[in-house]
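Here is the structure we will look at.
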Amino acid sequence: MRVPSTPLPSTAQAGRESVTDRVDRQVVVTGDASTIGFAPRRLHPAWIILTAIQSLRGLVLPLAVLVISGGRQQDGAFLAIAGVLALGSIGLRAASWWMFRYEVSGGELRVRSGLIARRERSVPLERIQAVDTSESPLQRLFRVVRVKIETAAAGAAGSDVTLEALSHADASDLRRRLSAERLDPGPGSPVAGDAKPQSEATGELIRAMTPAELFVAGVTSGRIGPALALLFGAFQFADELLPDSIWEPLAMEARGFSLRGLLTLLVVVGLGAWLLALASTVLTFGGFELRREGDRLHIAYGLLDRRRSTIPLARIQAITMTEGLLRQPFGLATLRIESAAYGKATAESGVLFPLVRTREAVSLLQRACPAFAAASIDPGGSRLHPLPRRAMRRYVLSATGRVAALAAVVCAAAALVPGIPWWIGVPGLLLVLPAALHGLLGYRDAGWAIDSEERIVVRERTIGRRTIVTVRRRLQHRQVACGPFQRRARLATLRAAVASSGGGGHLALVHLDEGDAFDLLSRLGRSSPVSSERTPMP
Amino acid sequence: MRVEHSFEQRLSLSSRPAPREHLDPKARTLWRLSGLLSAAPLVLLCAGAVWVLLRLDVHPALAVAPVIAACVAALVGVILVPDLQYRHWRYEIGEEEVDLQYGLVTITRTLIPMARIQHVDTRRGPLERRFGLASVILYTAAGASEIPALAGGVADSVRDRIAALANTRDDL
């Protein structure tokens, strides 16, 4: 059978093709829409105000600067123009609010929008990967929530459907619809939507985060990097905004610039960043709750922005357990879900549980998603298959070699530039020792296991230690690579990947025994290890 | 006594013999040509850099270094790389899996289950068309893989075979 030259076998309906965007240019009278199934609905009118405020947010800084620097002379004409613009944009928003409708019918979620170019988009319900609800303080003020429907269209921007403002009743109705129709296709009778506002905590509570855990999670979060960035951002903002008269005395005082002053500054900034990291973790993960209802997980978290996501168990591709440097000594880790949803991986998306004792991980997984509850995920438990001893030298050498090479490059570059002594890179060699240690740890931590239920566990270390659990049939592809040096030592690198748009779905075992690697390559396949029937090319 | 096998022998002795099919022999010429085309701007750029360095009174030996490096890289890219690539490239379209083996220095063996393939494309670039060649590109939910430089007819049949074998079930 010949397939047309741009073949889309029926499997190709998945992923990229699942979300069909049609720009419908003919004018369709949408005023009186058909009333089959779940009648088209509009968003909550608060959407107009919410999006207006959101778009104003970008103007806050220029406005503030204008008011502070421009003093009092306000132009009548300026105000008039601003007023007209504001009114116009509100009008436009109201019109686009009017045009935006969504409906669930015929096993699809349909969204129509667009003022001039009408856009109609339909998402087959079975392609939905997760349904997330979130509410910011502003949305809470208007008693609305934001519902995001995640599909598996990896990377394709705008393929997820976001309903920015729904009333609580509408939101829970929609969620019910989405899950009900998936189980029972066809226009069923509308499920009575009981409008329990926001605390529609259904399902068995698997675990909730205690305040103590939240605090520990914040202290060990390692989110200092982003916090520092934020701090510097705030600093710059203050620099722009505040008049020079405030800064100048400070600068005068700082003239007695000393090592001690610098150290104090470093400590203060570091402490500030750490406190900020603590605060952001507490705000993000406050009130974390993991529930399970039948074949789906409900995850809710956040103090200011309350988020809820619903993930069908069948959509979970892998579970990763990350032990950060600060957490590993205390036996603590973060559990994450890898799935094809969550295109942009933010720090908190896909978190199954933010802080758990590694000893408890198995029992938590047993209750949440038993398919991934491999006993060997616990580093204190059964030992994984280790790498061969001859791999250790390579781990250490490659880690130290990288540092040494970097130092050499710095030296060479310094030698070329007049005025800088060539040996400036030499102190970098001090890092060789920590690098060697890191290499050694990398070797010791790496390992793999396959259990009787075809769960694959792979552990590796980059900075923190990461353990990934998946099942054989979730693997999208797998490969073995042998470099020239590896070939001499009969080592090889095994890699595999599950579908994960966040990029966390890769597993790698570097410097595995060559025989083991090829053996695993076969064992992880679909068929029995030795497939003698090999069909030749057509 | 244990017999020492070469890597190639070990590969074919492993539980899964190396894939059988080779690329089209014209692949080497194609890669040489495209290597030449992509190296040309680099060499020109380096020549420009030499000119600038000479004007800045840098030692001539130091100044000529980049252009020599670029020429060596271009020669390697045009002569050695296509040869090695061609020698190492193997593929096989099995019932259950697509089996690829390729690499320059590091040899990589990739297996893609048919059931995971989302869709498959053939692509003919302008240069490939000149040679009557085409590439087959396989997409899974975790990325794409390519079988380059197949004769046009072979590429079409490979594509159709994969499309027919790719399972319709989707449990993403």
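The interface between chain A and chain B buries about 4700 Å² of solvent-accessible area in total (1.4 Å probe, ligands and nucleic acids excluded).
Inter-chain Cβ neighbour count for B:89-96, averaged per residue, equals 4 (cutoff 10 Å, partner chain atoms only).
Per the Debye formula on identical point scatterers at the alpha carbon atoms of segment B:26-85, with no solvent, log10 I(q)/I(0) at q = 0.15, 0.16, 0.21, 0.23 Å⁻¹ is -0.49, -0.53, -0.73, -0.81. These residues, A:Val282, A:Val457, go from largest to smallest accessible area, 1.4 Å probe, as A:Val282, A:Val457. Label reach from B:Ala65 (point 7 Å along Cα→C-beta): in segment A:420-439, amide nitrogens under 20 Å belong to A:420-426.
Averaged over its residues, how many other protein chain Cβ atoms are within 10 Å of peptide B:136-144's Cβ atoms?
On the way: counts 0, 0, 1, 5, 7, 16, 16, 7, 1.
Average per residue, whole number: 6.
In deg cm²/dmol and to the nearest 500, what is the mean residue ellipticity at 222 nm of chain B if only DSSP H runs of at least 4 residues count, each as -39500 (n - 2.57), divided by the residue total? Before the final figure, lay out the partial values.
Details: 6 runs with 81 residues, N = 172.
Using -39500 (n - 2.57) per qualifying helix, the result is -15000 deg cm²/dmol.
Membrane-span-like helices of chain B, defined as complete DSSP H segments with a Cα extent of 18 Å or more along the helix axis and a mean Kyte hydropathy of at least 0.5, are identified as B:26-55, B:60-75. Residue order by solvent-accessible surface for A:Cys411, A:Cys482 is A:Cys411, A:Cys482, largest first, with ligands and nucleic acids left out and a 1.4 Å probe. Just check segment B:91-165 against the gyration tensor rule for me: Cα atoms, a ≥ b ≥ c as the square roots of the eigenvalues, rounded for a/c under 1.5, and otherwise prolate or oblate depending on whether a/b exceeds b/c. Oblate, since a/c reaches 1.5 and b/c is not below a/b. Residues of segment A:107-124 with an amide N closer than 16 Å to a point placed 7 Å from the Cα of A:Arg42 along the Cα-to-Cβ direction: A:112-116. Of the whole protein surface, A:Met209 contributes about 20 Å² of accessible area at a 1.4 Å probe radius. Among A:321-328, A:474-481, A:79-86, the peptide with the highest mean count of other Cβ atoms within 10 Å heads the list, and the full ranking is A:474-481, A:321-328, A:79-86. Model label points for A:Met99 and A:Glu454, set 7 angstrom from Cα along the Cα-to-Cβ axis, are 4.9 nm apart.
Treating r as the C-beta distance of A:Arg473 and A:Glu126 and R0 as 25 Å, the FRET efficiency rounds to 0.90.
If you average the sequence gap of Cα pairs under 8 Å that are 6 or more apart and divide by the length of segment B:91-165, what percent do you get for the contact order?
26
Panel values: segment A:306-409, Kirkwood radius from alpha carbon pairs, Stokes-Einstein at 4 °C and 1.567 mPa s, translational diffusion coefficient 79 µm²/s. For the segment A:505-517, counting C-beta atoms of other chains within 10 Å of every residue's C-beta and taking the mean gives 1.
For segment A:264-277, 3J(HN,Hα) computed residue by residue from phi via the Karplus equation (6.51, -1.76, 1.60; θ = phi - 60°) reads 4, 4, 4, 5, 5, 5, x, 5, x, 5, 5, 4, 4, 4 Hz, glycine and proline entered as x. Rounded to the nearest 0.05, the FRET efficiency derived from the C-beta distance between B:Ile79 and B:Arg10 at R0 = 35 Å is 0.80.
Using the alpha-carbon positions of chain B, Rg (one decimal) and Dmax (whole number) come out as 20.9, 68 Å.
Spin-label pair A:Arg523-A:Arg390: with each label point 7 Å from Cα along the Cα-Cβ axis, the two points sit 2.0 nm from one another. When nucleic acids and ligands are ignored and a 1.4 Å probe is applied, A:Trp97 ends up with an accessible area of around 50 Å².
The values are calculated or read from the model by the stated rules, or taken from the named source; none is laboratory data. Quick caveat, the model's predicted, so the values are computed rather than measured. Every residue, glycine among them, receives a Cβ derived from its backbone with ideal geometry; neighbour counts consider all protein chains shown. These accessible areas exclude ligands, DNA and RNA; they are computed on the full protein's heavy atoms, side chains included. Shrake-Rupley method; radii C 1.70, N 1.55, O 1.52, S 1.80 Å.
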